Structure formats: C-alpha cells, structure tokens
Protein chains: 2
Amino acid sequence: MARRSDHSREQIQQMALDAARDIVARDGYTGLSARKVAKTIGYTVGTLYLVFANLDELVMRANAQTLDALYETMLATKARCKNARACIMALGRAYIRFASENTHLWGMIYEHPLPDRDAIPDWYRERVARNLALVEDTLQPLAKNTSAQELAVAARALWGGVHGICILALTNKLDVVGAASVPALVESLIDNYLKGLTANRQR
Amino acid sequence: MARRSDHSREQIQQMALDAARDIVARDGYTGLSARKVAKTIGYTVGTLYLVFANLDELVMRANAQTLDALYETMLATKARCKNARACIMALGRAYIRFASENTHLWGMIYEHPLPDRDAIPDWYRERVARNLALVEDTLQPLAKNTSAQELAVAARALWGGVHGICILALTNKLDVVGAASVPALVESLIDNYLKGLTANRQR
DNA sequence: ATGACTATTGAACAACGTTCAATATTATGC
DNA sequence: GCATAATATTGAACGTTGTTCAATAGTCAT
C-alpha cells in the first residue's frame, strides 16, 4: 500500500491530471478510465474518489488545463503579429494548429458533456470567457464604431465559426477531401467575415 | 420468446432504429444502451447483434436518418425563399431550428465518434455530401465568377461556421449569455461572410 | 411425425463508474 | 515507548455497459 502522506491531496490531484492527460493524448477520451488513471499514478480507484468527486470533475479539470494551454498559445500568437486583421488570422491559424497537435486533448473538451448552464463551475466558465475575451480584444481595433454588444456578437460568431470548421474537419464530418485544407477554410471564413464587418462600418 | 419470423430482419432493424430514436430524444446519447433498445422492441440483446454488427452501426444508421430529416427540412426551406442571399440565411435559421428542436438526436451525430476517414461507409458519407451540396447549390448564384473550387471552399467555410456556433451554444460552451441569441450570431456570420464574398467578386 | 434448419434467448465475460467497510499507517497523549 | 485516536488507502462489491455464443424454441420440408 502507498504510505500515508506520501503525497498531499493536491499532489495526487496533479498526478492524476497528468496521468489523464497522457492517457487521453494516447488513447483518446474513450480510452480514459478511473482504473487506468489510478494504476498509472500507483494508487487505487478509491483514492481517486477521495480527491475528486467523480470522473466528471477530473475530466473538467483536465479540460481546464487544456484551455489554459490554448490560452497561452493564443496569447503568444497575439504578441507577435502586426495589425488587427493579421492578428485575428494568426489566432485562427494558432487555433487550428493547437487542435491538430493536441487532437485528443482538445477533442475531449467537446466530447465530454457539460452539465446545465447554471451548473458549470465558475473556474471553468472563467477559462472559456478568457479565451473569448482574447478574441474580442483582438477584434476591437477593427470595430471602432460598433457597440460593445456588436463586438461581442462578432467575436462569438467568428470564433464559433472557426471552431466549427475545425471540429467538423478533424472528426471527418466536413467531407474536406478534394475541397481544400482546413487552414484554407478558416482563412476564407475570417477574410470574408472581416471584409463584411469593416464594410459595414463604412456605410 | 418472440416467435420466429414475426418480423423480418429489416423490420427489426427499423424497430430498433425507431426505439433508439425515442430513447435518445428523451435521454440523450448517454442514455442509449443495447439492452434498452432490445427491451423496447420486445427482443433481447442477442437479436440486436444478429441484425446490427454492433451498437456503433445502430448509432450510425440512426444518425443517417437524422441527417435525412435535416436534409428534408433544408430542402423544404430552400423551396420557399426568394433570392440566394435570403435562401442561405433561411437555411442557416432552419439549421438552428432543427438543432434546437431535436437537440439530442442532432447532438448524437457529433457526440458519437466516427471511425477513420477511409472507414466511413459510403451510405453515411453520401448523407453528409448531400447536405453540403444543398448549401453549395444555394450559394452558387452569389458566386458566379468564382471557380468550383472556391465555391466548395465557401460552402464548407460557411456551413462549418454555422455549425460551430450552434454546437458551442447548444452545449453551453460559447458563453452566449448576455451577448446575443444564437440566431443573431448565425445571422451575423452569414451576413458578413456573404458581404465579403460578393465584394470579392466585384474587385 | 420426424428431422433439419434457424431465429431467439439469456447466461457469461470483461470492463466501466462508484461506494464503503475494513485495514494499514501515522500522529497524539501519557 | 506504548496505547489509542485519527485518517489515508485499499479492494471487494454493486449495478451497469457492449459483446459473444452454446443452448433452446419455433418453423419448415419431407
């Protein structure tokens, strides 16, 4: 038996999250199980339930870490682009790249069903909001004469759109073959949407 | 025991698909199980595996029926709209409505993991292609001077985008609260994308 | 009526999430 | 240093899942 106090609760939590990350990266969301995680970190299932309420919580915390990693990537991308238009485009490409390089981890965010809106914990909601805010900020200079409300709409429409192309393409649901690459689709979406948005402003 | 030849294989298949549809509509994808389906149609699990290779196949066939229903809805929508621009917008709204009214059935299409691209059966791929072709056809008049290649890209970019907004919003992942309604987001996406697309043409 | 054929069953298996009495290990008081 | 309280950890247990397959029940041809 693992000796008591070999690791603190926090340590076990992090070990479990790391193990889950490895398992999911290798076998995907469907390959994840409580027993596999427990075995990997050298504890038994019981301990896992002492530290997490259930698998749901473990998955959500793992997803939060993935959202953090995505945020870091996008932040770094935003730091080294020129104008707003190029920045949005760079963010789109960064999103694709992240999704392609971390397919399973990124996919788990969407394969795992979330509870009802008001049951989503704040620490999770904040992660989502932070990523969206980054897009909103980047979009800001392109929409100087539009209201905050319209900016929020634009950011969500655009980002939802980018995400849609990614998820359909990466899960083989867009029949992309013979049409174009995923980046080409995303670039088309962003390019034309921004054209429309800025034309709007000048009318 | 159910008497032999009470139903043909095809009948049992359809009964199972109908049962699955009801179960999923009520309890969602996670509420679906082979035993529940079997019980509903008055047979046992064994029979289900005589008629379907596995649950995967049952789910994919159910999804194919959902894609058919979606196609019918969109076809009817396209039949009663005026110009191309209005038609694309109507299709977008029809997609949202279908997704909202059949959340669980529509959601199962995306919650259920598809096999590798080349392992997707033709009868499934055709369903996807048919829906996309409808969008492409509707988009056609707006892109007279663009190549078939560009048209394919536009249809996929736009439709992936519409889908992305829907799936994120309906699964509580877009933080829509306080921003705008889903239809508003979709309308923004379509409106601006089409503006950009047609401006492109005139340059 | 008998035998061949097959549709149908239901028990069995391994794996799943989850719980909790039992136990092993440490900390505390004397 | 020893007994006792406290608790970290276990692992068996429960009900569920997808899937398989020997056994059986029902039908058909002769």
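The values are calculated or read from the model by the stated rules, or taken from the named source; none is laboratory data. Since the structure is predicted, the reported quantities are computational estimates derived from the model, not experimental observations. Here the Cβ is made from the backbone with ideal geometry for all residues, glycine too, and neighbour counts use every protein chain on show. When the accessible area is computed, the model is the full protein with side chains, heavy atoms only, and any ligands, DNA or RNA have been set aside. Shrake-Rupley method; radii C 1.70, N 1.55, O 1.52, S 1.80 Å.
Look at (1) within 10 Å of chain A (Cβ to nearest Cβ); (2) farther than 18 Å from residue A:151 by Cβ; (3) surrounded by fewer than 21 Cβ atoms within 10 Å (Cβ to Cβ) and you find that residue B:187 fails only one, number (2).
Residues are listed down the side, and each one gets a yes or a no for (1) open to solvent by 70 Å² or more (accessible area, probe 1.4 Å); (2) farther than 21 Å from residue A:109 by Cβ; (3) under 19 Å from the mean Cα position of the chain (by Cα); (4) more than 13 Å from DNA strand C (Cβ to nearest atom):
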residue: A:33; (1), (2), (3), (4): no, no, no, no
residue: A:38; (1), (2), (3), (4): no, yes, no, no
residue: A:46; (1), (2), (3), (4): no, yes, no, no
residue: A:59; (1), (2), (3), (4): no, no, yes, no
residue: A:63; (1), (2), (3), (4): no, no, yes, yes
residue: A:69; (1), (2), (3), (4): no, no, yes, yes
residue: A:81; (1), (2), (3), (4): no, yes, no, yes
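Considered as a group, the residues in the range B:152-161 that are under 13 Å from residue A:160 (Cα atoms) and more than 7 Å from chain A (Cβ to nearest Cβ) include one that is most open to solvent (accessible area, probe 1.4 Å), and that residue is B:159. Of the helices (runs of 4 or more DSSP H) lying entirely inside the range B:1-111, those containing at least 1 residues that are more than 13 Å from DNA strand D (Cβ to nearest atom), touching a His at 6+ places or on another chain (Cβ under 8 Å) and more than 14 Å from chain A (Cβ to nearest Cβ) are B:9-27. Out of (1) within 19 Å of residue B:95 (Cβ to Cβ); (2) touching a residue at least 60 places away in the same chain (Cβ under 8 Å), the odd one out for residue A:174 is which? Result: residue A:174 fails condition (2) only.
State yes or no: is residue A:6 acidic (Asp, Glu) and under 21 Å from residue A:98 (Cβ atoms)?
Criteria not met by residue A:6.
Summed over the range B:130-151, the residues that are open to solvent by 10 Å² or more (accessible area, probe 1.4 Å), more than 10 Å from chain A (Cβ to nearest Cβ) and of a type in the set (S, T, N, Q) give a count of 4. Going by what's in this entry, would residue A:174 be described as touching a Leu at 6+ places or on another chain (Cβ under 6 Å) and either of a type outside the set (Gly, Ala, Ser) or more than 22 Å from residue A:110 (Cα to Cα) (or both)? Judged against the criteria, residue A:174 is a match.
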